[in-house]
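So the structure is just underneath, and the comments pick up after that.
The values are calculated or read from the model by the stated rules, or taken from the named source; none is laboratory data. Model, not experiment: these values are computed from the prediction. Cβ placement follows ideal geometry from the backbone for every residue including glycine, while neighbour counts extend to all protein chains displayed. Heavy atoms of the whole protein, side chains included, go into the accessibility calculation; ligands, DNA and RNA do not. Shrake-Rupley method; radii C 1.70, N 1.55, O 1.52, S 1.80 Å.
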Amino acid sequence: MIRPLALALLCTVIPLAATAHPEDELLVRLLVGMDKGKITHIGESWTFDPSVSDWLLQTYDANGDGKFDGDELNAVHEATKQNTEGSYYYTRIWKGETQLPDPQIYGFQATVKDGVVTLAFALGLATPEDPNALRIEMYDPENLTGLVPVKSDPVVIRGLAEGQTCVPNIAINKPDVHGGPDDIPIALTLACSE
């Protein structure tokens, strides 16, 4: 099943019916944050299935109160970093043929609702970027987790400039080519105009 943070922890328009590893399914939603017409950050939320959520709570909710606080949250974040090593939180951002340097992570949260764990965080770009020039990829280099966009509002865009419109375009690989560094389960591009 999954290695110790056994998942590969851890947001668009087409639901994926099945994945290579449905027991490790990870529902994702992306938030594109913009300022003055340019992308400044990418927010992500990852919602785990009930069995992985239960494992996370048993492993990291030390006081058994059904949530992650203080040192518990730090432990979840550290495990997430370790288990997504080599993929930077399952995310790569490209500008043309050039991969942008790893963005700065901030605002890491882990919430629990009805026994289901959702992680959320933001990845800040080093400089604001033209939304038409970027490709945001989500992938698991070890092919341990099925990355699946949520069905409702899988991409949220905030901070558009006055009069600007952006349409998200999601490419999702079929389940039989799921995962691996060269097979990108989810890739987001935007078509924006003013």
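I need the full set of residues from segment 135-149 which are among the acidic types (Asp, Glu) and open to solvent by 40 Å² or more (accessible area, probe 1.4 Å), in order please. Answer for segment 135-149, where residues must be among the acidic types (Asp, Glu) and open to solvent by 40 Å² or more (accessible area, probe 1.4 Å): just 142. The single residue among 150, 112 that is touching a Cys at 6+ places or on another chain (Cβ under 7 Å), within 25 Å of residue 51 (Cα to Cα) and not small (Gly, Ala, Ser) turns out to be 150. Within segment 82-116, restricting attention to residues that are on the phi < 0 side of the Ramachandran plot and in a loop (DSSP other than H, G, I, E, B), the residue that is surrounded by the most Cβ atoms within 10 Å (Cβ to Cβ) is 84.
A Cβ distance below 7 Å, combined with a sequence gap of six or more or placement on separate chains, defines the contacts here; from segment 147-160, residues that are outside any strand (DSSP E or B) reach residues that are modelled with pLDDT of 90 or more and acidic (Asp, Glu) in the pairs 159/35. In this structure, is residue 128 farther than 22 Å from residue 26 by Cβ, part of a strand (DSSP E or B) and either out of contact with any Ser or Thr (no Cβ under 6 Å at 6 or more places or on another chain) or not β-branched (Val, Ile, Thr) (or both)? Considered against the rule, which asks whether it is farther than 22 Å from residue 26 by Cβ, part of a strand (DSSP E or B) and either out of contact with any Ser or Thr (no Cβ under 6 Å at 6 or more places or on another chain) or not β-branched (Val, Ile, Thr) (or both), residue 128 comes out as yes.
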